[in-house]
Every structure is written in structure tokens, then in C-alpha cells.
1. Does A:VAL339 satisfy being among the hydrophobic types (A, V, I, L, M, F, W, C), within 23 Å of A:GLY485 (Cβ to Cβ) and in contact (Cβ under 8 Å) with a residue 24 or more places away in the chain?
2. Which residues, taken from segment A:481-540, are in a loop (DSSP other than H, G, I, E, B), closer than 18 Å to A:ALA870 by Cα and of a type outside the set (D, E, K, R)?
3. Is at least one residue of segment A:202-217 of a type outside the set (A, V, I, L, M, F, W, C), assigned to a loop (DSSP other than H, G, I, E, B) and within 14 Å of another protein chain (Cβ to nearest Cβ)?
4. Considering only segment A:754-763, I want to know if a residue exists there that is in contact (Cβ under 8 Å) with a residue 24 or more places away in the chain, among the aromatic types (Phe, Trp, Tyr) and not assigned by TED's automatic domain parsing to the domain that holds A:ALA872.
5. Could you list, in sequence order, the residues of segment A:225-256 that are farther than 15 Å from A:VAL205 by Cα, assigned to a loop (DSSP other than H, G, I, E, B), touching a Phe, Trp or Tyr at 6+ places or on another chain (Cβ under 6 Å) and hydrophobic (A, V, I, L, M, F, W, C)?
6. Would a scan of segment A:365-385 turn up a residue that is in contact (Cβ under 8 Å) with a residue 24 or more places away in the chain, of a type in the set (Lys, Arg) and part of a strand (DSSP E or B)?
7. For the structure I just gave you, tell me whether A:LEU116 is without any contact (Cβ under 8 Å) to a residue 60 or more places away in the chain and hydrophobic (A, V, I, L, M, F, W, C).
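The values are calculated or read from the model by the stated rules, or taken from the named source; none is laboratory data. From a predicted model like this one, the values you see are computed outputs, not experimental measurements. Cβ atoms come from the backbone with ideal geometry, glycine included; neighbour counts cover every protein chain shown.
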Amino acid sequence: MATLVLHLRINGVFRQVPVTPTDTLLCVLRDRLGLTGTKRGCGEGECGACTVLFNGEAVCSCLIPAAEAEGADVITIEGLADGIRLHPIQQAFVDEEALQCGYCTPGMVLAAKALLDRVPNPTEDEIRTALCGNLCRCTGYTQIVRAVQRAAAVLRGETLGAGPGPVRAAVGEPVERIGAREKVTGRTVFAGDMQLPGMLHAAVVRSPHAHAEIESIRTEEALALNGVRAILTAADLPDVRFGLLAADEPILAVDRVRYVGDRVAVVAAVDAETALEAARRVKVRYRPLPAVLSVEEAARDGSPLVHPGVDGFPGGAFGMELVLDGNRCYEEETVDGDVDAAFEHADVVLDETYRTAPQHQASIEPHAAVAAPRGDGGVAIWTSTQAPFIVRQGVAAYLGLPMSQVRVVAMETGGAFGGKVSVFIEPMVAALALKTGQPVRMVYSRQEELEDARPRSATVIRVRTAAQADGTLLAREVDFLADSGAYADWTPAVVNSSLRACRGPYRVPNLRAKGAAVYTHKFNTGPFRAPGYPQLTFALESHMDELAAKLGMDPMELRRKNLLRNGEKTFSGTELKTDVLMRCFDTVTKAIADDPADEPHTAWGLACGEWEIGGFPASALLKVNEDGTVSLSVGSTDLTGSLTSIAQVVADELGIEMTELSASCIDTDTSPLAPLSGGSMVTYNMTHVAREGAKQLADELKKRAATALEAKPSQMEVSGLKVRLKKDPSKSVSFAGLVANEPAGITITTPALPATHSFAVHAVKVSVSPETGEVRVLRAISALDCGKAINPNMVKGQMCGGLVQGLGECLWEEIRFDGEGRVANIGFGDYRLPTAADVPEIECHIVEGETSTSRGHGCKGVGEPAHVPALAAAANAVCAAIGRRIYESPLSPERILGA
Amino acid sequence: MAPVELLTPTSWSEAALLLQESPETSAVLAGGTDLMSRTFMGKVSPAPRRLVSLRAIPSMGTIWRADDGSLHLHARTTLAQIAADPAVRETYPALHEACTRIGSPQIRARATLVGNVCSASPAADGAVAALCFGGTAEVVDDHSAFDVPLVSFFTGPRTTCLKPGQIVRALRFPPPSPRSGSAFRRVGTRRAMDCAAVILAASVALDAAGRIESAEIALGSVAPTPIRVTEAETRLLGQAPLPAGFAEAARIASATCDPISDIRASAEYRRQVVRGVLPLVLQQAAERAMAAERQGS
């Protein structure tokens, strides 16, 4: 292809860059110049991750043909800091914890710069409008807006009070996030940024049919294309199935495709364009078969089977064996108490059915992985994952390798939310790397994300509740149907864990809960932040508002009367030691009472939610370095800042600063084994083991120091990289001295903690346009029971992000299918995430005190509970504002107007 | 496939000639936001193999007024430039509002109004606003220049009356009458970055007696192209600017538009919104007209 030479100024330096006419400015920056701080999130100008300053204006570099940049002055994120001194905007993002995964951060910082260059003192509304082209899936924007306000003040030369970042690495302090500086400067390397010598690029051949038999696959024409190195189909791979729960999914379709987008073949070529072109030239002959797209239809006898001729599947990563009943891959029913009798004696019975749409994790970073062959016949994989050890297990299983020959390095994840647990991209790149003997990179396009990731399952939830006239809840029946898609993935667990929570955080003496996960000819659904719970809580909390109406009661009073109180048991089995749920509830209801929704078509909605935080056996590795500083290694990927919290607990225990502690995760060859990062389990479990490890390490050092100082270990204390006598701190031995002759380090494993439990109460105030059904979110309040906030800034980050994701699920987000089973949404333009302009500041109330048994200061998980009731709260607000109930989420303008 | 050839002619006639050489697979590149994203998403078929950039063609300005008071917007004038222009805001508020609401700041910094109009998307906010001001497209080809009124510019979804080698050089809007006002409203889901389910724009001029002398109502996303609803406009003429009249006009508009059902909204919802929102848009336009009259007198 003919090249031309582009002349432009990038970050103040004149550059001449050979480009092809097909290059965009984004390609030039990332692929030609290695400026990978500029991110690719969608390729269509919808996400803003690729924002750069182009002659002073914020633009999407993915939409600018390279040649149009001739003579331009371009500033990328790499050009903002002055050496190692951060630009005030970058510094403010660090100080205000205005970043989480960091993938949108470079674009966000530059969009903020474009604003502040023009408007030195912007209002909150101006900031939100200026940032509306930069999608952030993690933060909910509240801390970003604060960071921009802070940066504006700094740039105006105003003197601020002390920054929020304290120096002490103590528990309870808003310590700066590990890796924050790399993220605001664009130096964080994500999997899709990796560039290895001789690296090839991969593309997938996908099914255009929801259900078809593969009659033949012809690859000759594709292989003949210059630059194509390998094409693999199922015939080239071991006939192995794997999956999170059960082993029902092949990595490439065997004989049959089960959804539009199903993986049929995979190509490696010298560049991404060639790989895509080759994928197009792979000729697959299909015999289309009848497909079943609706979960209710699929559950009926006689509908087309997704896995015909199969009775069940053996266990996968979590060892759950499936026994199939038609398309039902999982069924469960639990009964507690005399439900029928309770319904018979009830004054009021309400019976309603609620539906939720499939919704996407929609991380701004798409799935990406790089694999490189190793000399020993094995493979090394760098990937964006929440579950590196499951990736190792999956790749080993799919390719028939021992785990010793599969090394997985978890790169920084650019957003995950459960979407980066399942194993599908890594086996493909690993197989191609082994086949070609070269490194191979694969990055999903936004459309592939929509068609072949693992979104939240659509559900149909029937709820029947019996109550006394005074509002006392007597009994409940729930029937929970989840659309699993073509494979089981996580959906049986969605059903199982949802059925446990069917009471809601209330006293319901009698319960019958049944549910099923059902195969359909659609993409398989998987874990997404609190799998099952936003859907279930939407049903239960809509139901509570309706029940109140039927009883003629105030919905807040109905809740207050039935909420779990001190001394009562949660479904997780914990017994409440305080009135924590009532404290959360009172905090929120008081805020509502202070701001009544008096305007027409305006209302508050409230919902209560809960989450069980599981315990797992946890490991950590701690060692003292030669100079006395400490290294911590854990096997849990850092999704939410959990690594910072874990390190904070260790630093606090050892009396050292964050700069005196290196914390790392995770390389499956060297890190201690850990389960997937998800379910709000990491901080709860890992701070427990890390603190225990730090204690043991401190004890060992005290023992050594006691010998040296001729004292007892109990007379010693650690402080400032020294062990000293409590009574006479002038007598001390440095950590360095204590390890000079004998290294000190431990690997510690603690047995599984019991599960713990967390509550959240959300309230949302909306106004609804009576002419159009458009909704404006005016206020949103979150109260969260977190036990102990190790790092309050990060807890707030989870609260803000969790609530805003729920607003998206309630109002805008829906994956739709056409009649043929094809995803109808085209990119982020049709799958609409909340922008900064759509949501208000999230008001956070951290409620501490109901601590867990974690030695991590009694902390509990926050990511999931902070999300659970948001959809329901917003839905209740909308329904209150219009005075009618909507039984299906999202509550689109059309559904609102039609209600 | 991405485009494979990018040319930067230095005159309109050169640009026109380049476009004529391979009309099927050539496209004009101004801001590129619509073209690039649609090409990337595989929505342009056949994908353009030749992009003819307007970047190097000398222009007489971005936003200027001719002696007759008409407003001229160049082919490369961005939405951000129009949105920031105080005179446009003052005189053509519906156009100002449309230009502030399209996409994001990043998009508006590159996207042009002419490009928005030429995209001929039924959901082109700028095209809808432009329609309600009696706009004219100044078209050039390799040897001549001529005018096409915007009302006869659109021929179908994403198609216009332009022939291969014809390029819109500028848009021109007559000066509004002194007793006129306009309003714009887009109805969708999000407040930003939203392809609207319905777009409404109206401009209303009053006579000395305060009756409606002329009315232009334009709608988007309710027909194969951005449309004017002349039947509804006619109904308003000579009437006092009162809610009953506006509601009647909205009923006619709702009945005469021709929406489809797609992922954004159903046809029925779109008609319902036209019925419910157009009266508000007309009301606001009329109020602005009255305010303009008060200011003028």
C-alpha cells in the first residue's frame, strides 16, 4: 500500500510519520508512534477514550484520517506532564480518586483540559456537558467532576486546603490508589497496548445464524491472502469443552453454531486489517436450523433444543455438573415454612411478573489478550482478566497443556464488572501462538463485545407476596427464569444465588423460591456486577411499592416495618449485631424528607438491597527487602483499588509508608493462588490474610530484634522500618539489619472466612416529561453498609459507580435482538451508557460499624452491594412520578409513555 | 474496509472532477465524523475508496453575512463554530440549539453543518433546524455554481439530489423577519451523545396584528428524510399564536409524517411525541417572535 509522509507536531515535537491512507490519527499515535496512552474504545467516536487535543480542541482521534492531520498540533496524554511532575489536572484526578480502571482517564483528562483552557471557572453543569463525550463505566463521574473543579481552582492560582491525599498509610485514610500516576499519564500498559517483536494480529470468523449446522469450512482463499499466517477451526483443536460452572462450551464451534456471533474459526495475520479480510474470505456453508430466542419459549417442551442429544455436561472451573431438562440447564426450588397456609391467611396477596433486558458490562476497554509461544511448548498470555488462574485452567484444558506450561499475566483491566471472568479470547490467541510460533494479539471490536461477550442475563421474575393488613409480610413465592443463552457460563449460579435473596432484606417467614436457567440461541450470558441481584431487586422492590399501594400504606412505612433488625439473621447466615440496615434506611429517608418532590411529574424512589460476600481460602506472600522495605504479592487482580486497600492494611500493620511497600499482582507463575476477583470478595478476604501475614512477619522481626536487644518479643513494636523497645524507642534494630544475614519472608494461607453480608439503600429523584417519557435524574443518594471503610475514597468510588450503572440499567441500557437473533444495537451509539451529562452528583453515606470477622479491620465488600438496589430505586422513582407501574426494564421513554 | 485514497484538492472544480472520476466509491470529507464512523461500522456500502478532502480549498470565511443580511455557513464550518456564534444564537436560535446538541464536544469540534445536512440522515439535527429557516444549499460542480433550496434537497434516507461531482459549498439562510422566532427540541434517551427518536424545529413569524404570517415546521426521524410538514404550517397561517392552533397543527403533523419503528423508538411513539411536543416547540417559537417584536419596537 502506498505510504505518504505526514508532518505534524506531537506534544511539541515536529514529527514526520509514514502513514497509509487508511490510517486514522489514532492508528498513527498508537501503532506508528507507540503513544498508547490514547485508547481505543469503540472506533466510532462514541466513547471518547481516544480524545486528543487537535489544534487545541478535544477531538476523537479515531475519526480523523491521518492525512487530515497534516500540519496539525496534537497533544496526547503523554504530552501533559512536565517530566515526572503531573499537570494540575492529572494531579487533581489522583487527589480526588477520579479514576478507577484508568482506561477512559487519558481522554477524560484531555477533555477536561480543553474545557479549562477555554473556561477557567466552569459550573458543574458546564463540566458535565464538556465531558459528555467521554464515557466512564467505573466512577459514575462524581469524583471526576470534583477533580475538574479542583484542577480549575489550582489553575486559577487559588490556594487550596490540604489535598485529600494524606501521607500516612493508615487504615481509614484516603490513600492514593496504587498505579494512579501511571493511569493519569497514559503509561499504564493494557493488554491491547502490548507490542511484541513479530507479533501477529487475530480476527474471528463468526456465525451469521442463530442456529445452524456447519456443513463445510473452506479456508484456502483466506490462506492465500498475503500476510495470513494461520487459520484454525474446531478440527484443529482438541475436542474439549470448558466453562465457568460446567464444561459445555467449545472454544470454536463444533459442527453447529448456537448464536449469531458464535466463533467458527480464528485467523492470525501480520496486521489486523489482513486478519479481518482473511476472516471475511473464510467460506462457511451453513444449514440454518430453527432457533429459539425467547427464554419462556425455550423453557417449554417441544421447542428447538440448543444442545440436542445431550443429557448433561460435566463440571467446569467450578465443578458444577449440569443435568439438562430440555433447554433447562439448571433448576432449583427451595421451600422454607408453610407457604400455602400463609397465603391462605393473608389479608392481601399481590402477584406480578417483572422482566429485565440483557445488559452489558460495557467496559470501555474491550476484551484483549496477547499470547506468545514458549520454548518448552507452552504459552505465555497477557490478558485483561479478573480471573488469571481460571484463564490458566481454561487454556490448559482447551489446548491439552499442563498448567506448568501456561503462564498468565493479568494486565491492568480497563473495566471488567464480571465481563472478564469467562475464558474465550485467551484460548484463541494461545492456540494461534502455538500454531504460528509467533506472538499473537487479539482485541475485540465494540461490535464483537456486544455479540460475543458475557452480558447480564435477561430475566422473567414472578413475585407473589402475602401480607397482613397492617403491612406485616407473611410469605412469598418467587419464580425466577434466567436466559442463559447458548451455554451455561455463570447463569446457573445467577439463579442459585438469586433464589437465596428472594425475601429482600426483610422478615419474610415463609418462602418458596424456584428458578431455572434456560438455554436459548443467543450469546451466553455471564456474571455482571452482583449477578441476578439488580434484576431480582427490581422485581422485589417494585413489588414492595405496589404492595404498599395495595395496602394503602406509605411504601417507606411498609419497608420500615419489615426491615431486618439487630439480632436477626441475613440469608448469608450472619446475625446482625447492630441496626445497620435501619441506619442506612434512616439516613436516606431523612434526606428524602428534607427535599420533598413537590414539582409535578417529579418523585423520589427508594430501594433496599443486599449482597452476600463469600469467603475463600486466601494466600499472600510477604518479604522484607535488603533495605528493610517490604514486598507484597497477591494473586487477586486489582479491579477496584483492592490492591491499594490490601497494601494499606499491611503498611498500617507494619507501621510503614506506601512508598516503603511494593504490592503486586498477578502472574500465575509467581503469585499465590487466588480465586477470581469478583463478587466483592477481594478486599474482605485478602485484607484478612494480608494483615495476618503482616502480623506474622512483624512477630518474626520482633523475635529477632528481641534477641538482639536482649528483650522479650512482647516488649517490642514496629515503626519506621525498625523494631524498637516500646519503653525505650531509642533502642531499635532496623528491618534491614534484621534480614542482613537471614532473609525474612512468609507465604501465608488462611482458611475460608464465613460469608459476610452487606446492605445498601438507594434513593433517586427524577422528573419525567409527560409529553415524551424522557427522564431526568435530579438526585441520587447511596447509603452503604461496609463494615469498615479501609479507604473511604475508594468506597465512595464504588458507590458512585455502582449507582450510576444502575441508572443506566434502569433508563437506557438494553441489548435488543432482531427476529433472526442478531444483536440489533450497533456500537455504543445504540447501547447507551450514562454520560456525565445524564447523571447528578451521587451523594454517598458510608455506614460503618456492622463489621465482619475479617481481620482486615472488619471490612466487607462494597462493589456489588453498591450497585444492587440502584435500578430498582430509579424505577420506583419513575413509576411514582408517572403514577403507574412499569414491569419491564429498562424504563425507556416509550415504555413510560405507554404505561 | 477503510478508505484507501485521500485527496486534497485546492479548488472546488478540482474537487468536483476528482469526485466524478469514481462516483460510486468517492466521498466528500469535511469533518469526517459521520463518514468515518459509518465506514468503520460497515454502514457505508460500497465503502468509499476515495475521500476528497475539502481541507485545502480556500474559503472566504466560516460564518459571514452578505449585504442582503443573509447568513452564510461554509462547507467546513463546524458545529462548534456555529454554536459559539452570538449572531446565530440571536437570530436563528433553533439552529444554534441544534448545533449545541449534536454529539459531544469532540464531535462538534470536527463535524460540519453542511456535512450534517449532506449526510441526509433522517435523524440529522442540523438538517432539521436548517429546514425551518428556508435554507439554501450553494452547490458547485466542475464548471458552475447553483442553488438548491433545502426543501427539495433530500430524496430519501441518506440520499440527496446531488449528482456525482456536485458539492455543497455553503448553506445560506435569508434574514428572518423582525417579528419572528424559532425553537428546537430533540427527544431521545440521553441528554448527550444521543441519536434522537424525534427532532422538531419550528420558526414562526407574526404580522403587525400579532397573527401568524408564516410558519415553518421541520421534523426529523419521523420520515425517510428530514421533512417540512407544510399542511400543518398552512393551518397556522393567519391565526393567533394560541395553544389550540398549535395542537391542531401538531395533530396534522403527526398524521402526515411517516415514521418507522427501529431500535430507538416505535412509529407510534414518534407520532405521539410529535403530537405532544410540537405544540410546545411552536409555543416557544411564537413567544420568541413576540419577544423579538417587543425588542424591535
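1. No; evaluated as a whole, the condition is false for this residue.
2. A:ALA501, A:CYS502, A:GLY504, A:PRO505, A:PRO527, A:PHE528, A:ALA530, A:PRO531, A:GLY532
3. yes
4. Checked segment A:754-763: no residue is in contact (Cβ under 8 Å) with a residue 24 or more places away in the chain, among the aromatic types (Phe, Trp, Tyr) and not assigned by TED's automatic domain parsing to the domain that holds A:ALA872.
5. A:VAL240, A:LEU244, A:LEU245, A:ALA247
6. Within segment A:365-385, none of the residues are in contact (Cβ under 8 Å) with a residue 24 or more places away in the chain, of a type in the set (Lys, Arg) and part of a strand (DSSP E or B).
7. When the stated conditions are applied, A:LEU116 passes them.
Each row is one residue, and each column tells you yes or no for (1) surrounded by fewer than 24 Cβ atoms within 10 Å (Cβ to Cβ); (2) in contact with a Lys or Arg (Cβ under 6 Å, 6 or more places away or on another chain); (3) more than 15 Å from A:THR749 (Cα to Cα).
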| position | (1), (2), (3) |
| --- | --- |
| A:GLY628 | yes, no, yes |
| A:SER642 | no, no, yes |
| A:ASP652 | yes, no, yes |
| A:MET681 | no, no, yes |
| A:TYR684 | no, yes, no |
